[in-house]
1. Of all residues in region 1-22, which are farther than 18 Å from residue 92 by Cβ and at pLDDT 85 or above?
2. Taking region 23-47 as the region of interest, how many residues are in contact (Cβ under 8 Å) with a residue 24 or more places away in the chain and over 19 Å from residue 94 (Cβ atoms)?
3. Identify, by number, the condition in (1) in contact with a helix residue (DSSP H, G or I) (Cβ under 6 Å, 6 or more places away or on another chain); (2) without any contact (Cβ under 8 Å) to a residue 24 or more places away in the chain; (3) under 22 Å from residue 13 (Cα atoms) that residue 52 doesn't meet.
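The values are calculated or read from the model by the stated rules, or taken from the named source; none is laboratory data. All figures in this text were calculated on a predicted structure; none of them were measured in a lab. So basically every Cβ, Gly included, is an ideal-geometry build from the backbone, and we count neighbours across all protein chains shown.
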């Protein structure tokens with residue numbers, strides 16, 4: 001997997017930016033996890049979920065990766081519906 005498989009065509013500006021940010025994190029592992037999630041889900045997320053996803057993308061990779069991979073427990077202050085969706089999609093991934 002080398003990058004997005006989804007076109008940003010048809011997405012509003014905010015979703016386009018989030019799709020781009022998902023694939024350009026800085027750590028390749030996070031690019032793959034969040035980029036794949038965004039490819040699959042960005043068009044279907046509700047307005048509240050978009051807000052949640054945007055907040056999650058603000059977390060630095062070095063803090064977020066151990067949470068997404070299960071090496072660290074999920075802090076209660078970031079636990080939300082979108083994070084649960086990311087964790088579920090991560091469990092289904094094979095590298």
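1. Listed by number, the residues that qualify are 11, 12, 13, 14, 15, 16, 17, 18, 19, 20, 21.
2. Residues in region 23-47 being in contact (Cβ under 8 Å) with a residue 24 or more places away in the chain and over 19 Å from residue 94 (Cβ atoms): 5 in total.
3. In the conditions (1) in contact with a helix residue (DSSP H, G or I) (Cβ under 6 Å, 6 or more places away or on another chain); (2) without any contact (Cβ under 8 Å) to a residue 24 or more places away in the chain; (3) under 22 Å from residue 13 (Cα atoms), residue 52 misses (2) alone.
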